[in-house]
Amino acid sequence: MDFQLSEDQLTTQKWVHEFAEKEIRPVAPRYDEAEEFPWPVLRRAAEIGLYGLEFYMETLAGDPTGLMFPICLEETCWGCAGISLGIWGSGLPLATLAYSGTQEQLTKWAPLMFGTPADPQVGALCVTESNAGSDVSALRTTARRDGDSWVLNGQKIFATNGGIAGVHVVVATVDHDLGHPGQAAFIVGPGTPGLRQGKKERKLGIRASHTAEVLLEDCRIPLEDVVGGVEKLEAKLERARAKGPPGRSAALRTFEVTRPSVAAQAVGIARAAFEFARDYAKDRTTFGRPIIENQGIAFKLADMAMEIDAARLLTYRAAWLTRNGTFEHAEGSMSKLKAGETAVWVTEQAIQILGGYGYIKDFPVEKWYRDAKIYTIFEGTSEIQRIVISRALAR
């Protein structure tokens, strides 16, 4: 077991950190306040090769350890989690195509999720509905076969990049009587009639990330644009009708393999807050000495550092397993649960260390506190992660 990052990983880490330091952090307060998508930052990331299909396929997917992606995510979230989601949000629909789609679908649609450096685009994965969050089996969006087309109808909420994406991957129900096995993911290309953006959400945190409703009204797409292909879907439906073992949901499979990536984002937020609080405690003096010399502050910082390291190690293990093994004991859920709750706790402690300064917008820790909370909610709440872990232990 080797805990040392490779030279290539360290070089990439330094490169991404410099981008976060120079391009993300300085503009983070403005995009947080305005709740705008950071297109100029995305364009700059595309210009240097950080945002694009080639970087995903060669640098991230080409890393046999599986650690390169969480390394990059931690650094960009150290800069700003909302802007980071703008850069990496297309990874969710891309992962759906990569793990559940055909090679032809990946080749055709993946480039359209990223566009070009001169005209960058984004992708969106649309799963959640008003009555179907953690309970994916309760989805009501439908896909009806009509000749050589699918017709989609429904309403999605909380979709990252929803409505502004070039490519939307939409999870819908084909056969409601079959429950979860009767669902599939569908690819909706640029400019498809019948898909439009609904309400854009105003959020507590990650405000630079675009989150919106996606409305589907007789949205017609070609038959071959069901993820995995028609034959694969028909075989899954046939198994379900015969009460055979169901295939895995494309959405749930995506979330399973992306949980370590979500964990890495939370680690980045926690690290940003810890470093700021540590440096503040070194400079801030009361009663004639730096407050870091007070045991109450020093022990708090020690616990913060320990929890961040523990979360990062769980994240690295889960990321390695996605590439080199399988989750035997819900290691992906463990990493996401630990990192999300650590980020919330660490950012709260950072506010406490800064006192009144931690509560005002002149200092960034209040933003990190707001950003952190979503990591105990999206892509599976902390409660859902505990269910997944406990069921794995009971097997």
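Each residue of region 221-238 was assigned a 3J(HN,Hα) from its phi angle through the Karplus expression (A = 6.51, B = -1.76, C = 1.60, θ = phi - 60°), giving 10, x, 4, 6, 8, 8, 4, x, x, 5, 4, 5, 5, 4, 5, 5, 5, 5 Hz with x at Gly and Pro.
How much net charge surrounds Phe114 when only the other residues with a Cβ under 14 Å from the Cβ of Phe114 are counted, with Lys and Arg +1 and Asp and Glu -1? Could you put the intermediate results ahead of the total?
Numbers: positive: Arg43, Lys108; negative: Glu47, Glu54, Glu58, Asp119.
Spelling it out: positives minus negatives among the neighbours equals -2.
Note down the relative contact order for region 23-93 as a percent, whole number, built from C-alpha pairs under 8 angstrom at least six residues apart.
On the way: 39 pairs, mean separation 30.4, N = 71.
Rounded, it is 43 percent for region 23-93.
Taking the chain as a Gaussian network of alpha-carbon nodes connected by springs under 10 Å, the highest mean-square fluctuation of the residues Val167, Val230, Val151 belongs to Val230.
Using C-alpha pairs below 8 Å separated by at least 6 residues, the relative contact order for region 185-326 is 18 percent.
Determine the alpha carbon to alpha carbon distance for each of Lys236/Lys338; Lys108/Lys156; Lys108/Lys236; Lys203/Lys236; Lys232/Lys373 and list only those over 27 Å. Violating the 27 Å limit, Cα to Cα: Lys236/Lys338; Lys203/Lys236; Lys232/Lys373.
For the chain, carbon and sulfur atoms together expose 54% of the accessible surface, with a 1.4 angstrom probe and every protein chain in place. The list [x] 191; [y] 130; [z] 143 gives values of volume of the Cα convex hull per residue in Å³, and only one came from this structure; which label was calculated from it? The value matching this structure is [z]. Bridges between two residues of the chain, per DSSP, are antiparallel at a rate of about 85%. With both residues required to sit in region 38-170, DSSP beta bridges show an antiparallel share near 65%.
Whole number in Å², please: accessible area per residue of region 251-367, 1.4 Å probe, ligands, DNA and RNA not counted.
Values: 5270 Å² over 117 residues.
Here the per-residue accessible area is 45 Å².
Dividing the mean sequence gap of close Cα pairs (under 8 Å, 6+ apart) by how many residues the chain holds gives a relative contact order of 16 percent. In the assembled protein chains, Tyr369 presents an accessible area of approximately 90 Å² (probe radius 1.4 Å).
In whole angstrom, note down how far apart the Cα centers of region 283-302 and region 65-93 are. Computed from Cα coordinates, the inter-centre distance equals 33 Å. Between the residues Trp39, Leu178, Met334, the greatest Cα displacement towards the positive end of the dipole of the chain, with unit charges on the Cβ of Lys, Arg, Asp and Glu, is found for Leu178.
For region 74-83, putting each phi into the Karplus relation 6.51 cos²θ - 1.76 cosθ + 1.60 with θ = phi - 60° gives couplings of 4, 5, 5, 6, 4, x, 5, 5, x, 5 Hz, in residue order, rounded to whole numbers and with x for Gly and Pro.
Rolling a 1.4 Å probe across all protein chains gives Glu379 an accessible area of roughly 40 Å². Against the compact-protein benchmark of 2.2 N^0.38 Å, the Cα-based radius of gyration of region 255-297 scales to 1.74.
The values are calculated or read from the model by the stated rules, or taken from the named source; none is laboratory data. Fair warning: this is a prediction, and the values are worked out from it, not measured in the lab. Because the Cβ atoms are built from the backbone with ideal geometry, glycine has one as well, and the counts that use them run over all protein chains shown. To get the accessible areas, we keep the full protein, side chains included, count just its heavy atoms, and leave off ligands, DNA and RNA. Shrake-Rupley method; radii C 1.70, N 1.55, O 1.52, S 1.80 Å.
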